[in-house]
Amino acid sequence: MKLLSQTLCLCLVLALSHAHHHAGHQGGEDEGHEGHDHGHHAGLLLDRCQGIEMDAVAVTEEGIPYFFKGGHVFKGFHGKAELSNESFAELDDHHHLGHVDAAFLMHFPDKPTEHDHIFFMLDTKVFSYYKHQLETGFPKDISEVFPGIPDHLDAAVVCPAPDCEEDAVIFFKGDEIYHYNVKTKKVEEKKFEGMPNCTSAFRFMEHYYCFHGHQFSKFDPKTGEVHGRYPKEARDYFMKCSKFGDTTDHIERERCSRVHLDAITSDDAGNIYAFRGHHFLEQDAGNDTWAADTIESDFKELHSEVDATFSYENHLYMVKDDKVYIYKVGEPHTHLDGSPKPLKEVLGVEGPIDAAFVCQDHHIAHVIKGQTVYDVDLKASPPVPVKEGSFTLFNKVDAAMCGPEGVKLFKGNHYFHFQSVKVMLMAKAIPEEHKTALELFGCDH
Ligand SMILES: *[C@@H]1O[C@H](CO)[C@@H](O)[C@H](O)[C@H]1NC(C)=O
Ligand SMILES: *[C@@H]1O[C@H](CO)[C@@H](O)[C@H](O)[C@H]1NC(C)=O
Ligand SMILES: *[C@@H]1O[C@H](CO)[C@@H](O)[C@H](O)[C@H]1NC(C)=O
């Protein structure tokens, strides 16, 4: 059985990779800049934008969600599938099933022996990894490590107090729910009426999500109650996919997406534009409402996937790879003659860059590339980038903007606020993190 499925799998990989070479780079538009990672063949086999039901989800100790499907893992919200045995070799060695039933990150700082261990459940066995290494003595039987918890689980999620009454792990099997008390090892069986059977579950940004099919529901971990309009489409919120249907609400999805922004800027009038994948959100000055549209519709030449954007003298500068697309602000945004221009000619730096911004009433562009921040006098010709400083707090940022109240740096789901560029460059500690979806876009969940 195992041999047969592996052979079948290998044939498919070969057949698909063969077809891929002949078909050229179809479907490459979703690859973005991260499209060159490993697991290339594996990625062809599984495309999460097709709408797949995940077997298990766990957030690593670095905060990156890993989605497992068959023998593959998707790391984060975008990028290709990799073979899970490349990251967790022993799952394969000891057990040749090629799938994970359930996974979770044990996160209890006062339980140092298990804190930040990732647990995988496969059939009757449990595997514990710490810092991506299998702990000695594992795999063990589920009944030994979690007495009272059945084999062949569907999902598991960690639930620290006060989310659950006491520190617990919630296990799911069919419609049976088991609250496993981490301290007393007591098991409380529950039924979560009104909640679908979960095939995977995870805790993310203090919320609990149950996945079923390619949809998900947010639930109360104590009672299983689902509040609000669920289920929702997993691809809208937890995956970076372009189009996969016409029925989705762009505004709701873009405001609430947990996928990082590509770029953001505020123009001279105070209108804000935020870009992600193929879409952008716009908020006009003095209006709390966000509108969303495709980049294609308003910035046709740019198409999608911007690296950085900044506003200067009533123009939007959009940087993509080593080109700058310049639009005059207004309805419609008009693409300037002679644009796109080489990045080198506009900012004097080599692409790709991560972020750029101009603070109000200045003519200095602050350009972020990796951990280096350059300033570029936009009035000078040719432009001369001067190294302004480097970040020690962040290894990479996704986007940045500057407004009357200072600089905002965006990374993952969060943004960080600094009074000024100077304060940002001098900062010795990462300031309070703000949730982008909630605090900037006003998403209520
Ligand atoms: C991982 O699994 C694939 C497919 O089953 C196999 O071809 C490969 O040799 C495995 N790699 C490792 C490192 O075990
Ligand atoms: C949920 O799981 C139970 C078994 O525990 C099963 O009887 C029921 O049909 C499942 N519901 C759905 C919608 O699959
Ligand atoms: C605010 O913005 C929304 C979305 O763009 C728009 O529909 C609405 O008319 C605007 N309201 C005002 C008062 O301009």
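Determine the gain in length on full extension of the stretch Asp123-Asp298; use 0.36 nm per residue of separation and subtract their C-alpha separation, reporting nm with one decimal.
57.9 nm
Taking all protein chains in place and a 1.4 Å probe, what share, in percent, of the accessible surface of segment 61-214 do carbon and sulfur account for?
Of all accessible area on segment 61-214, carbon and sulfur atoms account for 49 percent.
Computed FRET efficiency, Cβ-Cβ of Asn197 and Thr136, R0 35 Å: what is it to the nearest 0.05?
0.50
Does segment 282-433 come out rounded, prolate or oblate, given a ≥ b ≥ c as the square roots of the eigenvalues of its C-alpha gyration tensor, rounded meaning a/c under 1.5 and, failing that, prolate meaning a/b above b/c?
Taking the square roots of the gyration eigenvalues as a ≥ b ≥ c, segment 282-433 is oblate.
Scan around Gly277 for amide H atoms under 5 Å from its own, H built in the peptide plane at 1.01 Å from N, and keep only partners 5 or more places away or cross-chain.
Amide H neighbours of Gly277: Asp262, Glu305, Val306.
What accessible area per residue comes out for segment 61-122, rounded to a whole number of Å², with a 1.4 Å probe?
For segment 61-122, the per-residue accessible area is 38 Å².
Using a Förster distance of 30 Å, how high is the FRET efficiency between Cys49 and Asp92, based on the Cβ-Cβ distance and rounded to 0.05?
Given R0 = 30 Å and the Cβ-Cβ separation, E is 0.70.
Classify segment 347-420 as rounded, prolate or oblate, taking a ≥ b ≥ c as the square roots of the eigenvalues of its Cα gyration tensor: rounded when a/c is under 1.5, otherwise prolate if a/b is larger than b/c and oblate if not.
Taking the square roots of the gyration eigenvalues as a ≥ b ≥ c, segment 347-420 is oblate.
Please report, in debye to the nearest 20, how large the charge dipole of segment 250-440 is about its Cα centre when each Lys and Arg carries +1 at its beta carbon and each Asp and Glu carries -1 there.
Here segment 250-440 has a charge dipole of around 660 debye.
How far is the Cα center of segment 370-421 from the Cα center of segment 181-239, in Å?
So the separation of the two Cα centres works out to 38 Å.
Report, in whole Å, the centroid distance computed from the Cα atoms of segment 297-330 and segment 54-94.
If we compute the Cα centre of each part, the gap is 35 Å.
Where nothing but the Cβ of Lys and Arg (+1) and of Asp and Glu (-1) is charged, how large is the charge dipole of the chain around its Cα centre, in debye to the nearest 20?
For the chain, the charge dipole is close to 540 debye.
Give me a comma-separated list of calculated 3J(HN,Hα) values for segment 425-433, in order, Karplus coefficients 6.51, -1.76, 1.60 applied at θ = phi - 60°, integers in Hz, x for any Gly or Pro.
With the stated coefficients, segment 425-433 comes to 6, 8, 4, 9, 9, 5, x, 3, 8 Hz.
Compute the length gained on full extension between Arg229 and Glu165: take 0.36 nm times their separation in residues and subtract their Cα-Cα distance, giving the result in nm to one decimal.
20.5 nm
Just by accessible area at a 1.4 angstrom probe, what is the order of Glu388, Glu225, Glu165 from largest to smallest?
Largest accessible area first, the residues go Glu165, Glu225, Glu388.
Write down the accessible area per residue of segment 263-399 in Å², having rolled a 1.4 Å probe over the full set of protein chains.
Solvent-accessible surface per residue comes out at 44 Å².
How much FRET efficiency would the formula 1/(1 + (r/R0)^6) give for Glu345 and Val423, where r is the Cβ-Cβ distance and R0 is 30 Å, rounded to 0.05?
Here the calculated transfer efficiency is 0.45.
Within segment 250-440, what whole-number % of the accessible surface is contributed by carbon and sulfur, with the 1.4 Å probe and all protein chains included in the calculation?
The nonpolar share, carbon plus sulfur, comes to 51 percent.
Cut-off 10 angstrom, C-alpha nodes, Gaussian network model of the chain. Which of Gly194, Gly63, Gly98 fluctuates the most?
Gly194
If you fit an axis through the alpha-carbon atoms of helix 2-23 and take the longest principal axis of the Cα set of the chain, what angle between them do you get, 0 to 90°, nearest 10?
Between helix and principal axis, roughly 20 degrees.
Select from Gly228, Gly79, Ile272 the residue farthest towards the positive end of the dipole of the chain; place +1 on Cβ of Lys and Arg, -1 on Cβ of Asp and Glu, and compute about the Cα centre.
Of the listed residues, the answer is Gly79.
For Lys323, which sequence-distant residues (separation of 5 or more, or a different chain) have an amide H within less than 5 Å of its own amide H, given hydrogens modelled in the peptide plane?
Counting only residues 5 or more places away or on other chains, the set is Leu343.
The values are calculated or read from the model by the stated rules, or taken from the named source; none is laboratory data. What you are looking at is a predicted structure, and each value in this text was computed from that prediction instead of being measured. Every residue, glycine among them, receives a Cβ derived from its backbone with ideal geometry; neighbour counts consider all protein chains shown. Heavy atoms of the whole protein, side chains included, go into the accessibility calculation; ligands, DNA and RNA do not. Shrake-Rupley method; radii C 1.70, N 1.55, O 1.52, S 1.80 Å.
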